[in-house]
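**Q** One structure follows; several queries about it will come next.
Please treat every number below as a calculation from the coordinates, not as lab data. Quantities reported herein were computed from a predicted structural model and do not represent experimental measurements. FYI the Cβ positions are ideal-geometry reconstructions off the backbone, even for glycines, and counts take in every protein chain you see.
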Number of protein chains: 2
Amino acid sequence: MLDPLSRQLPLLDQPPRERSDAARNREALLAAAARLVEEQGVDAVTMDSVATEAGVGKGTVFRRFDSREGLMGALLNRSETEWQALVISGPPPLGPGAPAIERLHAFGHSRMELNLTHAELIRAAGRAGSRSYSAVSFAAMHMRYLLSELGVRGDLHFLATALLAPLEMVVLVQQTRVDAIPLDSVKAGWDDLVRRVVCPEVNRPV
Amino acid sequence: MLDPLSRQLPLLDQPPRERSDAARNREALLAAAARLVEEQGVDAVTMDSVATEAGVGKGTVFRRFDSREGLMGALLNRSETEWQALVISGPPPLGPGAPAIERLHAFGHSRMELNLTHAELIRAAGRAGSRSYSAVSFAAMHMRYLLSELGVRGDLHFLATALLAPLEMVVLVQQTRVDAIPLDSVKAGWDDLVRRVVCPEVNRPV
DNA sequence: GGCACAAACGGACCGTAGTCCGCTTATATT
DNA sequence: AATATAAGCGGACTACGGTCCGTTTGTGCC
């Protein structure tokens, strides 16, 4: 039985628990969408096909995920969460335990791979893609932490954004697919950018 | 009369001149689209309304611009071209005549303003937006030129991309609209990034 | 168990992007 | 001027994202 106070002051509460049928349908829809992506590619994920595949009505898909972009975002969110766990508590050098500079390089490389792997999905997710608020804010927060560990001075908020920006999917796709630059060269370029930003000479105490 | 050779070897030729009615319709469509954007915002620019407004059929809009994104891209292309002209031959510090470092700062600031001004249009243009090949390659080329003038060593191709990336609309919108950072702070942050990249100590001859 | 009600459901419906194909017209040639 | 032909044209048609609202169902309370 729920605490009666929770019922009376719902605004102070967690939003009320999701109804069981709703939860079941959400899982079924995510599973159906993931399967469609796997088997037929992102373009085959229409709201109708996902609904049919999950055995629910179309309205339900929109109720759960608001829009196609929202559905794609939810799909992305799963791997984003796994990745964040690796950064927070996975093995070094991505996870804790390695020197900050190594973690920083591993962070960038790993993010590039993640964004390229999910390029189609990120594109389909639009605003809900890699620039969703939670994804951006986690990455930026971690980046600021690593930069401060390295003694970088300046506007860490902006510097984090600036180092993250070339890891965005649109930029990576341009470089690796349009300009046909090997991924390793892109990584090396980013490493050089990092070197310049953390360079001791430009971070002299004022 | 055309050179007979041109008729016989069309592959060596410029693509045949656009038919006069086609050219007229293209202008009418661009004008109609620009007017709709101006008066009612980007969302009001549906392919039907543009066609009606220009007094042509819907199929004609698609024939000329392939897609809604293509139409938006064509609209953007006009201001992009004007901007490129300013960079190439406009007044300093954006145009030639100022020291390279000042031109670089002006370049970044100007690009930010341009991208923010056209944020809606760029979003609606999707792939045809600010990352269209011609826009990206012009900006990158100019950036490489300025960096080389400044004696920057390293992978100029990547460094140009890295300095351009934080000027992308999605990043700027995140910073100025979501995080509510004043544009001047963003500019200052970018200036600092530039300082680090062109810093003499990190560009010592090997 | 029975009741009340908010939440969830589903599918008909709407607007828009994009396709298709038979008709029209500009242009080059004679 | 007449003709041939490729390019252009237009609007009916399809598919998909998104909305709406009458119906169903899970949940907490008695």
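**Q** So what's the angle, to the nearest 10 degrees on a 0 to 90 scale, between helix B:183-198 and the longest Cα principal axis of chain B?
**A** 60 degrees
**Q** Shifting gears a bit: Taking beta carbons within 10 Å but only from partner chains, what does the mean come to for residues A:176-183?
**A** Other-chain Cβ atoms within 10 Å of each residue's Cβ, averaged: 2.
**Q** Once both axes come from the Cα atoms, what is the angle between helix A:100-117 and the longest principal axis of chain A, in degrees from 0 to 90, rounded to 10?
**A** 40 degrees
**Q** Sticking with this structure for a sec: Take peptide A:184-194, look around each residue's Cβ out to 10 angstrom, count Cβ atoms belonging to other protein chains, and average those counts.
**A** On the way: counts 0, 3, 4, 1, 3, 9, 4, 2, 8, 11, 1.
Partner Cβ neighbours, averaged per residue: 4.
**Q** Something else about it: Taking only C-alpha pairs under 8 Å that are 6+ residues apart, what is the relative contact order of the stretch B:118-171 in percent?
**A** Values: 23 pairs, mean separation 18.5, N = 54.
The value is 34 percent.
**Q** For chain A, just the Cα set please: Rg and Dmax, both in angstrom.
**A** When restricted to Cα atoms, chain A yields Rg and Dmax of 20.6, 64 Å.
**Q** Remind me, relative contact order of chain B in percent, using alpha carbon pairs under 8 angstrom and six or more residues apart?
**A** Details: 172 pairs, mean separation 31.6, N = 206.
With pairs under 8 Å counted, the relative contact order is 15 percent.
**Q** Just from the alpha-carbon atoms, what are the Rg and Dmax of the stretch A:11-94 in angstroms?
**A** Using the Cα atoms of the stretch A:11-94, the pair Rg, Dmax is 15.2, 46 Å.
**Q** Where the eigenvalues come from the Cα gyration tensor of the protein assembly as shown, what are the semi-axes √(5λ) of the equivalent ellipsoid, largest first, in whole Å?
**A** Details: eigenvalues 285, 247, 83 Å².
Semi-axes from the Cα gyration tensor: 38, 35, 20 Å.
**Q** Between copies, how far apart are the B:Tyr133 label points? List them in nm, one decimal, shortest first, with each point 7 Å from Cα toward Cβ, please?
**A** Spelled out, the distances from B:Tyr133's label point are 3.8 nm.
**Q** With everything on Cα atoms, drop me the angle between helix A:68-89 and the longest principal axis of chain A, reported from 0 to 90° to the nearest 10.
**A** 50 degrees
**Q** Per residue of B:139-146, what is the mean number of Cβ atoms on other protein chains within 10 angstrom of that residue's Cβ? Don't skip to the answer; put the middle values down first.
**A** On the way: counts 0, 2, 0, 0, 0, 0, 0, 0.
Mean shielding count: 0.
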